[in-house]
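Report on one structure; see the data block that follows.
The values are calculated or read from the model by the stated rules, or taken from the named source; none is laboratory data. Model, not experiment: these values are computed from the prediction. Neighbour counts are summed over all protein chains in view; Cβ atoms, including those assigned to glycine, are modelled from backbone coordinates with ideal geometry. Quick note on the areas: whole protein, heavy atoms, side chains included, nothing else; ligands and nucleic acids left out. Shrake-Rupley method; radii C 1.70, N 1.55, O 1.52, S 1.80 Å.
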Amino acid sequence: MTATNTPTLTTNTGNGDAPAIEGRGLYKSYDGPNVVEDVNFAVRQGEFLTLLGPSGSGKTTTMMMVAGFERPTKGEILVDGKSVLGMPAKNRDIAMVFQSYALFPHMT
C-alpha cells in the first residue's frame, strides 16, 4: 500500500483522558501484500473517529479488526487499556454499521 492509499484517521480534540479504544501498529495481509499497513489511532471517551480514504485503502478492514471480525496480522488493539486480540467480537461491546443504502432500501 502506498502513502496515497493509506486511510486518514482523525479524531476530535480529546480531554486528556486515556484512550477508550486504541490501535497500535495495525497490519493486515491475506497471503500477500498488506491491505492495512501501520495504522495507529487513539479515541477517547465521547470522541468520534473518521476513516477517510479511497476504495481499497483498508478502511473496512481496519474497522473489522477493531470490531473483532478480523485478526490483525501484526499490531495491538486496546479497549480501556487492555488488549482485546483474543476476545471474541460478541464480548467487545463494539459495533459497526456499513454506510450503504442497501441497509435502508425504503429510505431516500
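Using a 1.4 Å probe and ignoring any ligands, DNA or RNA, find the accessible area of ILE94 and quote it in Å² to the nearest 10.
Ignoring ligands and nucleic acids, ILE94 comes out at about 40 Å².
Sort out for me the Cα centre separation of the range 32-51 from the range 71-85, rounded to whole Å.
12
Would you tally the net charge around ASN91, using a Cβ to Cβ cut-off of less than 15 Å, leaving ASN91 out, and scoring K and R as +1, D and E as -1?
+2
Summing +1 for each Lys or Arg and -1 for each Asp or Glu, what net charge is found among the other residues whose Cβ lies under 9 Å from the Cβ of ALA18?
Surrounding charge for ALA18 is -2.
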